[in-house]
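The values are calculated or read from the model by the stated rules, or taken from the named source; none is laboratory data. Being a predicted model, the structure only gives us computed values, none of them experimental. We place every Cβ from the backbone using ideal geometry, glycine too, and count neighbours over all the protein chains shown. Each accessible area value is taken on the protein alone, full model and side chains, heavy atoms only, with ligands, DNA and RNA left out. Shrake-Rupley method; radii C 1.70, N 1.55, O 1.52, S 1.80 Å.
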Amino acid sequence: MKCIKDRILREDYYIVNISASNESKSLQFEIAKEILDYLNSKSIKVYLLSAPDHNDLAQKLSVATKTERAVTKSIVDTFPLIHKAKGVITADTSVVHIDGTYNTPVMVLIKSIEIKLHKFAPKSNINWVIKSESKEIIQVTKNKLKESIDAFLELTN
């Protein structure tokens with residue numbers, strides 16, 4: 001890996017991870033589609049990532065948004081993808097921890113539960129947290145989502 005002054009040369013792609021440890025923390029189809037469509041409208045290279053048990057949903061999203069999938073067999077397979085990514089958008093805290101290990105910029109969508117945010121806060125130098133408007137599922141308005149993505153992209157460029 002080439003480094004300049006201890007800075008990793010990142011590749012020009014982002015990762016959108018839809019999966020989390022349980023369904024209520026995973027990205028719902030509509031929100032994931034909104035994120036992918038918005039990034040694609042900006043001509044940003046994106047790889048769609050999911051846990052193996054979300055392959056069907058990921059495939060539907062891939063087709064609906066014309067987004068390439070990064071198919072992995074385990075979370076370990078995600079490490080090099082995350083390490084080289086320009087940034088990651090996720091709801092999964094395990095991916096947030098991996099981002100922190102590599103100091104990969106991360107935007108995390110999290111349910112509106114303060115204790116969870118303190119426990120699983122991102123450690124990457126560049127991070128953006130979007131708290132859900134619901135404590136039950138990740139729910140965010142389209143405007144707030146787009147504004148947050150724009151702010152995150154600005155931080156990573």
Query raised in the report: Looking at (1) closer than 20 Å to Asp37 by Cα; (2) free of Cβ contacts under 8 Å to residues at least 40 places away in the same chain; (3) part of a loop (DSSP other than H, G, I, E, B), which is the one condition that is false for Ser124?
Result: (1)
Report summary line: Those residues of the range 10-47 which are closer than 16 Å to Val96 by Cα and among the aromatic types (Phe, Trp, Tyr) amount to Tyr14
**Report entry** Qualifying position, being surrounded by 12 or more Cβ atoms within 10 Å (Cβ to Cβ), modelled with pLDDT of 90 or more and charged (D, E, K, R), among Asp77, Asp37
**Finding:** Asp37
Report summary line: Condition set β-branched (Val, Ile, Thr) and open to solvent by 50 Å² or more (accessible area, probe 1.4 Å), scope the range 130-157, selection modelled with the highest pLDDT: answer is Thr141
Requested in this report: Tally the residues that are over 15 Å from Ser21 (Cα atoms), assigned to a loop (DSSP other than H, G, I, E, B) and at pLDDT 75 or above, restricting the search to the range 86-120.
Outcome: 4
Requested in this report: For the range 19-33, enumerate the residues that are buried (at least 16 other Cβ atoms within 10 Å of the Cβ) and either in a helix (DSSP H, G or I) or among the polar types (S, T, N, Q) (or both).
Outcome: Ser19, Lys25, Ser26, Gln28, Ile31, Ala32, Lys33
Report task. Only residues that are surrounded by fewer than 20 Cβ atoms within 10 Å (Cβ to Cβ) and touching a Gly at 6+ places or on another chain (Cβ under 9 Å): list them for the range 91-112, please. Result -> none
Query raised in the report: For Leu57, are the conditions met, namely being of a type outside the set (Val, Ile, Thr) and in a strand (DSSP E or B)?
Result: no
**Report entry** Subset of the range 141-157 [of a type in the set (Val, Ile, Thr) and not in a helix (DSSP H, G or I)]
**Finding:** Thr141
Query - Any chance Thr72 is assigned to a helix (DSSP H, G or I), open to solvent by less than 70 Å² (accessible area, probe 1.4 Å), touching a helix residue (DSSP H, G or I) at 6+ places or on another chain (Cβ under 7 Å) and under 18 Å from Ser21 (Cβ atoms) - result: no
Query - The lone exception for Val88 - which of (1) surrounded by fewer than 19 Cβ atoms within 10 Å (Cβ to Cβ); (2) within 18 Å of Pro122 (Cα to Cα) it fails - result: (1)
Query raised in the report: Does Val16 satisfy being in contact (Cβ under 8 Å) with a residue 40 or more places away in the chain and either in a loop (DSSP other than H, G, I, E, B) or out of contact with any Pro (no Cβ under 6 Å at 6 or more places or on another chain) (or both)?
Result: yes
Query raised in the report: Limited to the range 45-66, what total is found for residues that are open to solvent by less than 50 Å² (accessible area, probe 1.4 Å), over 17 Å from Ser26 (Cα atoms) and either free of Cβ contacts under 8 Å to residues at least 24 places away in the same chain or under 14 Å from the mean Cα position of the chain (by Cα) (or both)?
Result: 1
